[in-house]
1. Hey, among 289, 296, 285, which residue is free of Cβ contacts under 8 Å to residues at least 40 places away in the same chain and within 30 Å of residue 219 (Cβ to Cβ)?
2. Out of everything in region 26-51 that is within 12 Å of ligand 1 (Cβ to nearest atom) and surrounded by 16 or more Cβ atoms within 10 Å (Cβ to Cβ), what residue ends up being nearest to residue 380 (Cα to Cα)?
3. How about region 226-252: which of its residues are β-branched (Val, Ile, Thr) and either at pLDDT 75 or above or in a loop (DSSP other than H, G, I, E, B) (or both)?
4. State whether the residues of region 8-16 include one that is surrounded by 14 or more Cβ atoms within 10 Å (Cβ to Cβ), more than 16 Å from ligand 1 (Cβ to nearest atom) and either assigned to a loop (DSSP other than H, G, I, E, B) or among the aliphatic types (A, V, I, L, M) (or both).
5. In region 136-167, which residues are assigned to a helix (DSSP H, G or I) and more than 18 Å from residue 315 (Cβ to Cβ)?
6. Residues in region 183-195: is at least one in a helix (DSSP H, G or I) and either hydroxyl-bearing (Ser, Thr, Tyr) or at pLDDT below 85 (or both)?
7. Tell me which of these residue 23 doesn't satisfy, since it passes every other one: (1) of a type outside the set (Lys, Arg); (2) closer than 22 Å to residue 398 by Cα; (3) not in a loop (DSSP other than H, G, I, E, B).
8. Does residue 368 satisfy being on the phi < 0 side of the Ramachandran plot and in contact with a Lys or Arg (Cβ under 9 Å, 6 or more places away or on another chain)?
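The values are calculated or read from the model by the stated rules, or taken from the named source; none is laboratory data. Predicted model only: the values in this text are computed from it and were never measured. Here the Cβ positions follow ideal geometry from the backbone for every residue, glycine too, while neighbour counts run over all protein chains shown.
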Amino acid sequence: MSSLSKLAKQHIGQATCLQIVHPETSSCLKSLLADLVPVALSNFKLFFPILLVRIGMNLKCICDKKIIYDILKHYLNLVISGFVLGFGSITFGCILWKCFGPRNFLTSIFLPCVMISSIYVNLAPEYVLNLASISAFEMVIEILTLMKCDPITKLIIQSKFLQTLLFMACSCYIIKNVLKHKVNMYWFIKPASGLQKEALNEISFEQKEICHRNLCSHNGSCKTYFFDGLKFYGIAGLCLDIVKEIGSSNKVKGLPLHLIKKFKTFDFQTTKFLLFYVGIFRFINCWLNNFHGIENLHRNTTIAAFLSGISYTFFPKFLPLSYGMACCVRIAWTHYKKKSTKSRFQTYIKGINWNKLTVALAIPLAIHLYMYEQKIVGSIGTKFISHTTNQRSLRVRENIKRYLSQFQ
Ligand SMILES: [Zn+2]
Ligand SMILES: [Zn+2]
């Protein structure tokens with residue numbers, strides 16, 4: 001444990017919210033009112049890439065009013081969720097401080113966050129909660145990995161080769177389940193569902209011969225399918241890279257010029273990763289379908305999903321792997337839940353709403369560690385925490401550091 005958290009355990013109780021949360025104003029209400037609009041705008045910005053991805057995924061039917069409504073509703077729900085969590089944590093922080101006076105280590109940050117996230121999990125729509133629980137679980141995986149508390153984790157974090165192997169396995173497990181068990185999961189690429197075996201058996205030999213070109217797992221020719229994938233994921237990756245660059249730049253004035261200058265040194269991390277991932281996947285999948293036959297679609301897709309996972313080598317961050325691991329745990333849990341059992345303990349475990357529990361505890365834990373164990377929260381956690389509060393959490397973190405430095 002770092003010396004900062006040791007100091008916090010001893011001394012944070014003597015501080016006030018004026019010293020830690022809002023030193024710029026002596027009034028809690030004034031500070032909260034000043035935060036209201038910037039926190040809301042920051043959440044609009046945080047979830048904007050998700051809006052872009054969803055628009056990109058539905059580009060062909062974007063004129064459909066219902067689809068536009070669903071996309072905007074989904075985006076707005078995410079923004080509201082982030083706002084409730086971010087703004088609620090700051091508000092509860094001040095309320096607790098005002099009501100209960102000097103606080104201790106756990107009631108300073110952790111408890112207000114648990115209170116707001118417990119309220120939030122009961123209000124959020126199911127699909128937002130699903131996404132939030134995967135992100136929360138991902139944050140926990142990142143924290144556990146960065147803590148490097150056991151030799152296996154240490155080995156994984158130091159070896160890109162092992163990480164790539166793990167990502168390949170995750171890719172294989174997730175895509176197989178999306179195709180075979182129709183698991184609803186946000187994943188980087190989607191397999192084409194192809195012709196069902198039963199439907200295929202009904203097609204006569206002559207018909208198979210006639211429509212041989214179409215007997216892959218997708219509509220149209222393999223060449224079109226391959227290049228459509230590159231085009232779609234290339235544009236999506238490019239949009240995400242540009243949005244990421246806009247997000248990391250605080251400039252608004254002269255932003256286009258800044259982006260043009262930056263363009264020369266752009267490394268297009270997401271674009272490269274998505275292009276390689278979808279390119280390898282579609283190429284191998286089509287080749288296997290043509291070579292071994294569409295009858296082996298599941299096996300072909302699984303092999304292609306595993307091999308295309310090698311694209312992780314081109315991504316410098318841990319993010320796709322931690323997200324992949326979180327998705328795998330979620331799928332495994334769904335299968336476990338479906339299994340019948342007579343054990344009362346297992347029935348009890350299955351009855352727990354893990355989505356709610358993960359969000360209610362993991363997010364406060366990540367925020368608490370972000371404040372007191374400043375190095376062990378990964379990039380996803382840091383981005384989520386700082387943007388949902390419009391950098392207020394970053395300022396609180398600095399204030400805690402400054403406040404505790406006088407006791408060193
Ligand atoms: Zn206050
Ligand atoms: Zn094909």
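1. That would be 296, the only listed residue that is free of Cβ contacts under 8 Å to residues at least 40 places away in the same chain and within 30 Å of residue 219 (Cβ to Cβ).
2. Within region 26-51, the match that is nearest to residue 380 (Cα to Cα) is 35.
3. Correct list: 235, 242, 252.
4. yes
5. Answer for region 136-167, where residues must be assigned to a helix (DSSP H, G or I) and more than 18 Å from residue 315 (Cβ to Cβ): 136, 137, 139, 140, 143, 144, 147, 151, 152, 153, 154, 155.
6. No; the residues of region 183-195 include none that is in a helix (DSSP H, G or I) and either hydroxyl-bearing (Ser, Thr, Tyr) or at pLDDT below 85 (or both).
7. Evaluating residue 23 over (1) of a type outside the set (Lys, Arg); (2) closer than 22 Å to residue 398 by Cα; (3) not in a loop (DSSP other than H, G, I, E, B) leaves (3) as the failure.
8. no
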